[in-house]
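Novice: Sharing a structure here in structure tokens format.
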Amino acid sequence: MHDSPELELIARSREGEQAAIAELFRRHYSSCLRLARGILRSEEDSQDAVQSAFVSAFQHFCEFRGESSFRTWISRIVINRCMVQRRTPWRRASWVYLDEMPGGRGSESLTCHAPTPEKSAYSREIHSALAIAVSRLPGNLRDAFTLYCVSGLSVKEVADALGVTQAAAKTRVFRARAKVRGHLKPVWSQEHAA
């Protein structure tokens, strides 16, 4: 299955072949998860949105006309699921009781294996500055930026996913990157001065 062409996997998936469905899921899950993270900024919510998108996609596989790539089609479904999830007024909270963890090693699970505090702080600052810069983008530019820079879609795939021309998609990506660069300039200049 790993070497099968995507069109063959799509045909087999439409016939209900589980191995083909699993292979399509394997090939596209990580890029869809990166896309969802860029929109929702929560690992758990992103995983929920992607899994929900894949379930919906495979339930409605007959609607996939093949006018765009499977990647573009599933990316659009993921974006829609993320938008719906973003509008959900409640947030989940769960409690973890250390005493109830297997093997009685609850407190050991809190041990941090992270890099040095300096590296962690620098990484958080950069990540935070980037997230703020992306969040300040208008919706149409943010979607184009996330699809192109985070998910790694081509300009054509971004255009297909957003339902715009390639020229419009290219312009949105260019403008988004320029705005993000402008927002990050003070952060980079402070870091290089230090």
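All of the numbers you see were taken from the coordinates with simple rules; none came from a lab. Keep in mind that this is a model prediction, so the values were computed, not measured. With ideal geometry, Cβ positions are generated from the backbone for all residues, glycine too; neighbour counts draw on all protein chains shown.
Novice: Could you give the size of the charge dipole of the range 116-194 about its Cα centre, using +1 on the Cβ of each K and R and -1 on the Cβ of each D and E, expressed in debye and rounded to the nearest 20?
Specialist: Details: 12 positive and 6 negative charges, 55 e Å.
It works out to roughly 260 debye.
Novice: May I ask you to evaluate 6.51 cos²θ - 1.76 cosθ + 1.60, the Karplus curve with θ = phi - 60°, for each residue of the range 33-49 and list the ³J(HN,Hα) values in order in whole Hz, giving x for glycine and proline?
Specialist: 5, 4, 4, 5, 4, x, 8, 8, 6, 9, 4, 5, 5, 5, 4, 4, 5
Novice: Among the trypsin sites (Lys or Arg not before Pro) within the range 131-160, which fall in a DSSP loop and have no more than 15 other Cβ atoms within 10 Å of their own Cβ? Display every interim value, and only then the final one.
Specialist: Details: sites: ARG136, ARG142, LYS156; in loops: ARG136.
Hits after loop and neighbour filter: ARG136.
Novice: Ordered by residue, what ³J(HN,Hα) values in Hz, to whole numbers, does the range 126-136 give under the Karplus form 6.51 cos²θ - 1.76 cosθ + 1.60, where θ = phi - 60° and Gly and Pro are x?
Specialist: 5, 4, 5, 4, 5, 4, 5, 4, 5, 5, 7
Novice: Can you tell me which of 32-38, 147-153 comes out highest on packing, and rank the rest after it, using the mean Cβ neighbours within 10 Å?
Specialist: Details: 32-38: 22.7, 147-153: 20.7.
Ranking, from highest mean packing down: 32-38, 147-153.
Novice: Tell me which lysines have Cα within less than 21 Å of LYS170's Cα, excluding those fewer than 8 residues away on the same chain?
Specialist: Within reach: LYS156, LYS179.
Novice: Quick one: grab Rg to one decimal and Dmax as a whole number for the range 116-194, Cα atoms only, in Å.
Specialist: Rg then Dmax for the range 116-194, in Å: 14.5, 46.
Novice: If the reach is capped at under 23 angstrom between alpha carbons, list the lysines near LYS119, excluding any in the same chain fewer than eight residues apart.
Specialist: Straight-line reach from LYS119, under 23 Å: LYS185.
Novice: Still on this structure, I have one more. Listed highest first by mean packing, meaning other Cβ atoms within 10 Å per residue, what order do 74-85, 8-19 come in? Mind dumping the intermediate values first?
Specialist: Numbers: 74-85: 21.0, 8-19: 14.5.
Taking the mean over residues of other Cβ atoms within 10 Å, the ranking is 74-85, 8-19.
Novice: Sticking with this one: List residues of the range 61-82, by number, whose backbone nitrogen lies under 18 Å from a label position 7 Å along Cα→C-beta of SER154.
Specialist: Residues passing the 18 Å test: 66-76.
Novice: Using a Förster distance of 35 Å, how high is the FRET efficiency between SER128 and SER68, based on the Cβ-Cβ distance and rounded to 0.05?
Specialist: So the FRET efficiency works out to roughly 0.50.
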